[in-house]
Each structure stands twice: as structure tokens, then as C-alpha cells.
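This report concerns only the one structure given below.
The values are calculated or read from the model by the stated rules, or taken from the named source; none is laboratory data. Bear in mind that the values here come from a model prediction, so they are computed numbers and not experimental data. Using ideal geometry, Cβ is built from the backbone for each residue, glycine included, and neighbour counts are taken over all protein chains shown.
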Amino acid sequence: MSLIEIKDLKVHYPIRGGFWNRVVDNVKAVDGVTFNIEAGETYGLVGESGSGKSTTAKAIIGLEKATSGSVMYKGKDVTKGENRRKLDYNHDVQMIFQDSLSSLNPRKRIEDVIAEPLRNFEHLDKEQEKLRVLQLLDIVGLDADALYKYPHQFSGGQRQRIGVARAVATHPKLIIADEPVSALDLSVQAQVLNFMKKIQRQFGISYLFISHDLGVVRHMCKNIAIMTRGRIVEVGTRDDIYNNPMHIYTKRLLAAIPETNVNHRDEHRKHRLEIEKIYQEQQSTYYDKDGMAFPLVKVSPTHSVALPPHLAKEFEQQSENEGVNV
Amino acid sequence: MKRDIEDATSISAEDLGKLTKEAAAEATPSRARIMWGEFKADKPAMVSLFVLIFFILFVIIASLFINTPKMIQTNLMGYYAKPFTPEYWLGADSGGRSIAKELIVGSRNSISIAIGLTIISSTFGICWGLVSGYFGGMVDLAMQRVYDFMMIIPMLMTIIVIVTIIPHYNAITLTLILSIFYWMGTSRLIRSRTLAESQKDYVAASKTSGTSNLKIIFREIMPNISSLIIVDTTLSFAENIGVETGLSFLGFGLPMGTPSLGTLIANANDPENITGYWWTWLPAALEIIILCLSISYVGQVMRRATNAAQRRGNEKN
Ligand SMILES: Nc1ncnc2c1ncn2[C@@H]1O[C@H](COP(=O)(O)OP(=O)(O)O)[C@@H](O)[C@H]1O
Ligand SMILES: [Mg+2]
């Protein structure tokens, strides 16, 4: 059984307007997202800005109310507040935020920041609590003198590590990392990611790793979902996504990974422009008339793609033929 | 699970004392110390602070030694006595009452009412704004309608009507009546900042850390808008001195026989007093100006102290 199962999750924001301030339309920030996260794995959720990744994350952790769908954890639907309380859900599921400065209260000392979840979920005495905070700081590679400082006295990378320390404080089973390194310099990114990986090895934590950059995700995730316009357009293993991308949106994201090898820059640029041209040409066939992605079709046991109907039919017939041995 | 964290680090209970000491050495100065440093860096504000503290203490203590009922009795011998005489330091009014004594008791009354009014109305306004802005949605909508209703009531007229209807009232009831009408400005200001503050990730992080709404509002968000609260409260204090004095000036403030800065300034209603007997109203007017200026100086320094970017004081000392 998976650690957490997200099923047909939808989050629609009403747009109010008109004279009576009535609901005139909906922003479908998340529109039917389904995936499972296994214990101890890192699951990647990738998409451009505005594709609904953060909203998905917030709905999973309970910060945003789900319009419909379910998030099953330990057999209970945690989109409902009472179930979250009953399970002490946030003891087990924590979050790392993109903006490290905004996610740490500027008025609180680091000790109080990291101790916050401990104070709410594990009632330690003062000494034990301080010791735990010091240990957590050590785990993310920060010295004890951070204890009584304020967030603005740290660099971005250090702050994000403080965010990581806070997230692991209660030893959760799942940490949702919403673009944890997007705001950081390339050199610092690797450092923070390494701490995250080290912690995962030591504590067996699962990550839902959200990013807009397939380059970063490659080093972190075994399974990856590609999201756009509130829907998942392609799911698969790392191998499926990087070596056999089938949706034009995935191909475009892959082409957008910056090329670090200077010798191949021109080649890479040409490739990217080519993909962009194909994307513009085929865009209309890969999305329905409302601009939404099509339902996912299984193209291999691990790989599903939101193919347009005419391509989807082919694959359905294929899998029917092969159906006996799958 | 606790084991896991201990296994991942070399820090154990023995190190606690040593590391805590190390951290304390690097600690950032406390807010009180920052504020004091800020006052030291701004001389006019320092003077203002001392003027305020000294003056408030003085009127409160001195008024204890003044026999008010006797003071407000008419004394024909002192009819418009000139100031700067041993008996009448600041002269006397048409009833022969000592202006100096009236000023002390009147200041105490006016300042007490202003302090009471500021504490009650600001506390209420801050709580109203915080709750309204934090919860948003229907809660906000309902609370803002109450706000709108209070705003459209013609305030001054309503206060005058209430004061006229109520047969017996004193400084405390007057403060309570005024408080009903003076929380809206604060609440609107606090609400708009709270709306913005509630969207920040640290609030989300507190929620996912299992902190209750009440604690998030008062322990997470409120400290972050403290500079706004301090500035607004000091400015309301200056304003509230004017509220009671204004009402008393119009004759609807404190009941007859209770001196206040307003009743003293009301002496200026008589053209004869304005030209001939300046001492009956000028000291009170000057006092209000000095008080309000001092308060706004102090408020400015407090705002700077709460905003790291504006500080002038040297944090290190
Ligand atoms: N509170 C909100 N009200 C209305 N629309 C929102 C709200 N939050 C997000 N959205 C919209 O939902 C979409 C997805 O946003 P988000 O989940 O933040 O995307 P991402 O994290 O992938 O960049 C965006 O179009 C955004 O404008
Ligand atoms: Mg986002």
C-alpha cells in the first residue's frame, strides 16, 4: 500500500464579480490529479509556474480546501479537517516552502522557529527541546550560534536549511518540498539538495518534490508527474520521462533544461527552437477545446500520457492486444 | 523515532550547556535594548520621552495633594488674579480659582481619560482587525459590516446625545462611551496589514506545525505588525487627548465641576479672556501642543526601532 494516495483531487477558486458579488466563474487551479507516493521515495511534480503545483501541495497538506477528490492517508481522507486532527496528520506530513525568507517568521529566533512543531506535537521539557533543536541544526550543517539569531541574519541557503530542519523536527513520514531550491543560486542548490537526500537516507522520509526544472528533479526523483493547467499530462519513471517523453509539453520542458556544456550550446538552442515550433503547431491537438489536457492513457505499466484521442485509440488497441500478458 | 535524530548527529546532552553559552554570545540584542539605543541616538525624542514621563508622573502625584472640591470653589478675592505671584503661580480665573491647580488636576483627568480611551479602543480595534483579516471570508464580511455601521453613525452627535441623556456619569463612564466610537480607524488599518501578513508562508508553516489559530494571530502575526500597532497607538493617544478636551471645550465632556484641559481652554470662548486674561487659557493650550508633539516624537522613534532598515542607533552597544 502506498504511503499517501491522491485521487482525482480538484481545487477550484471561485471568481466573484458583478453587482451581487456572485460566483461568475472558476479558476481550475487543480483539476483532477491522481498519484500515489510510496514510503521512502521521492516523487517529482513538475510544471511551469501557474500549473497548479503549489495548490496541489497545499491541498495535500491541508492548507487549501479541496473542492473534490480525496487524499487517503492511513485509510482516512485527510482533505477533511477532523480526520487530520484525529491522525495528528501534520506530525507526519510537513512542508518546505519556496521562499525561505517568507516562510520563517522574521520576529522569531531560530530556536523558536524550529521548536514550533515540537511544542505542538511532542511535549518535551525545556532542556530536551533545546537539545533537539541543536541536533536538528547540526543535521542541516548549521552551528549552535544560530540558535538565538533571527532569520534575516542568514543567507538564502542557510535559511532553506533551517526550513528543512523545522520540517524534519517531528520526524515526519512525508515532506512536501515546494520548489525548495528555485530561489537559490546554482551552487547553493546542490548543497541544500544534498542535505535533503542525506536526511532521506537517514530517516526514510518520503518527499513530494515540486519543481519547474526537470534538471533538478532528475537527481532527486524516481517517479515523476508532469503537470500543466491543473492536470497531469504525463506520469512515469525517471527513465520514461527523460528517455521516452511522449507529451509535447514534457518534450518542451526537457528542451528547456539549460545546457551546461558550452560546446553544445548552439546545438541545444536549435533543438529547443525546433521543439518550440512543434509545440506551437501541435498544441491544439494535445489539448481539448477548453484548453484542458486529455485523460491519461497507459502506454506501458509505469508510463501514462495524456494523449489526444486519435493517438490514445491506437494505444488502447495495442494494450488490448497485449492485455493478456500485462 | 527520537533515536533516529540522535543517531544522525554527534551532539548529545553533555554539549547542551556549552553550545547554549556559545549561542548566547552570538545572540541578537533584545528589542528593549534596540529601542533604548534608538532613543539615545535621537536627542529630541529622548527629551520628549522624559518630558512625557516626568509630566505624567508629576500631574498624577501632585494632584493627590490638591483638594479638588475646595479648589473649584469660587473665591472672590482672587478675581482674575495676575500670574507669577506666590499665591497664584499662573493667576486665577473669573471665579478666583487657581489656574495652576486647575491645570494639574485637569491634566490628570484629561491624560487619564486619553490613556484609558487609547488602551480600550486600541485593544479592541487591534483584536477586531486581526481576527477579521486573518479569517477572511464570511467572518471578515460580517465584521466589516459592523465596522461600516459604526462609521456611518454621526459620531460626535451620538456622543453628545448619550452624554446628555445619561443622568450621572463620570470620567470612567465617559471613557467607556468614547471607546465605543474610537476603535474603527485602528481596526481598518490592522485588518489590511493582517490580510497581507496572513498570506505569507510563515503563517502556512505555523498551520502545518499544528499551531492554533488564536496563537497564530497573537503570537505570530501580531509581533510582525507591532511597528504599525505602536505608531497607531501613540498617534491615537495624541488624538485622544484632543477628543476629551474637544468635548469638554464644547461643554459635553466631563460633568460640571470636574476640571480638564478642555474646560480650561474653554475660557478662551470669552473674548475678554483672549485679550485681557491670557493666563486663563494659554497654559492649557501650550500644554496640549507640547504633549502632542512629544508623543509624536516618541512614536517616531518607536517605529524606527521596530524597523531594522530605519534604525539610527548603534545596535552593538
Ligand atoms: N487563492 C487563489 N485564488 C484564485 N486563484 C488562485 C489562488 N491561488 C492560486 N490561484 C491560481 O491557480 C493557478 C495555479 O497556481 P499555483 O498552484 O500557485 O501554481 P504553481 O505553484 O504551479 O506555480 C494559477 O493560475 C493561480 O493564479
Ligand atoms: Mg508554486
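Miscellaneous remarks
- Tabulated pairs, the range A:170-181, first assigned to a loop (DSSP other than H, G, I, E, B), second more than 16 Å from ligand 2 (Cβ to nearest atom) and aromatic (F, W, Y), C-beta under 6 angstrom, 6+ apart or interchain: A:T170/A:F121
- If you go through the range B:30-63 and keep only what is surrounded by 13 or more Cβ atoms within 10 Å (Cβ to Cβ), under 20 Å from B:S226 (Cα atoms) and not hydrophobic (A, V, I, L, M, F, W, C), you end up with B:R31, B:R33, B:G37, B:E38.
- Counting the residues of the range A:170-193 that are out of contact with any His (no Cβ under 9 Å at 6 or more places or on another chain), at pLDDT below 95, hydrophobic (A, V, I, L, M, F, W, C) and more than 16 Å from ligand 1 (Cβ to nearest atom) gives 4.
- The helices (runs of 4 or more DSSP H) found wholly in the range A:81-149 include none carrying at least 2 residues that are in contact with a Pro (Cβ under 8 Å, 6 or more places away or on another chain), farther than 21 Å from B:N224 by Cβ and more than 9 Å from every other protein chain (Cβ to nearest Cβ).
- Scanning the range A:194-209 for residues that are more than 15 Å from ligand 1 (Cβ to nearest atom) and touching a strand residue (DSSP E or B) at 6+ places or on another chain (Cβ under 9 Å) returns A:M196, A:K197, A:I199, A:Q200, A:I205, A:S206, A:Y207.
- Elements of type helices (runs of 4 or more DSSP H) in the range B:129-187, at least 2 residues being at positive phi and either touching a His at 6+ places or on another chain (Cβ under 7 Å) or of a type in the set (A, V, I, L, M, F, W, C) (or both): none
- Residue tally, condition within 12 Å of chain A (Cβ to nearest Cβ), in a helix (DSSP H, G or I) and not hydroxyl-bearing (S, T, Y), over the range B:219-236: 6
- Checking each residue of the range B:68-75 against the condition of being farther than 30 Å from B:A305 by Cβ, without any contact (Cβ under 8 Å) to a residue 24 or more places away in the chain, in contact with a strand residue (DSSP E or B) (Cβ under 9 Å, 6 or more places away or on another chain) and not in a helix (DSSP H, G or I) gives at least one match.
- Elements of the type helices (runs of 4 or more DSSP H) sitting completely within the range B:237-317 and holding at least 1 residues that are within 29 Å of B:G185 (Cβ to Cβ): these cover B:261-265, B:282-306.
- Yes/no for A:A183 being of a type in the set (A, V, I, L, M), within 13 Å of another protein chain (Cβ to nearest Cβ) and over 26 Å from A:N120 (Cα atoms): yes
- The requirement of being of a type in the set (A, V, I, L, M) and within 14 Å of another protein chain (Cβ to nearest Cβ) is fulfilled somewhere in the range B:33-48, by at least one residue.
- Among the residues listed as A:V71, A:V93, the single one being more than 19 Å from A:A169 (Cα to Cα), touching a residue at least 60 places away in the same chain (Cβ under 8 Å) and β-branched (V, I, T): A:V71
- Of the residues contained in the range A:202-213, one or more are found to be within 30 Å of B:A13 (Cα to Cα), in contact with a Gly (Cβ under 7 Å, 6 or more places away or on another chain), assigned by TED's automatic domain parsing to the domain that holds A:L87 and not aliphatic (A, V, I, L, M).
- Filter result (at pLDDT 85 or above and farther than 22 Å from A:M292 by Cα) within the range A:1-26: A:S2, A:L3, A:I4, A:E5
- Among the candidates B:A81, B:A45, residue that is more than 18 Å from B:N240 (Cβ to Cβ) and assigned to a helix (DSSP H, G or I): B:A45
- Unique residue being free of Cβ contacts under 8 Å to residues at least 24 places away in the same chain and surrounded by fewer than 16 Cβ atoms within 10 Å (Cβ to Cβ) when the list is B:A81, B:A27, B:A23: B:A27
- Unique match (being more than 14 Å from chain B (Cβ to nearest Cβ), under 30 Å from A:H12 (Cβ atoms) and more than 16 Å from ligand 1 (Cβ to nearest atom)) among A:H219, A:H264, A:H247, A:H212: A:H247
- Being outside the structural domain of A:D185 (by TED's automatic domain parsing), within 15 Å of ligand 1 (Cβ to nearest atom) and of a type in the set (G, A, S) holds for only one residue in A:G44, A:G32, and it is A:G32.
- The listed residues are B:T234, B:T186, B:T173, B:T208, and the only one of them that is free of Cβ contacts under 8 Å to residues at least 12 places away in the same chain and under 20 Å from the mean Cα position of the chain (by Cα) turns out to be B:T173.
- Checking A:K65 against (1) within 14 Å of another protein chain (Cβ to nearest Cβ); (2) buried (at least 16 other Cβ atoms within 10 Å of the Cβ); (3) within 16 Å of ligand 1 (Cβ to nearest atom); (4) not in a helix (DSSP H, G or I), the condition it does not meet: (2)
- Unique match (being of a type in the set (D, E), out of contact with any helix residue (DSSP H, G or I) (no Cβ under 7 Å at 6 or more places or on another chain) and surrounded by fewer than 23 Cβ atoms within 10 Å (Cβ to Cβ)) among A:E82, A:E111: A:E82
- Beta carbons closer than 8 Å, at least 6 apart along the sequence or on distinct chains, pair a first residue in the range A:29-50 that is away from chain B (no Cβ under 14 Å) and outside any loop (DSSP other than H, G, I, E, B) with a second that is among the basic types (K, R) and within 12 Å of ligand 2 (Cβ to nearest atom) for A:L45/A:K53; A:V46/A:K53.
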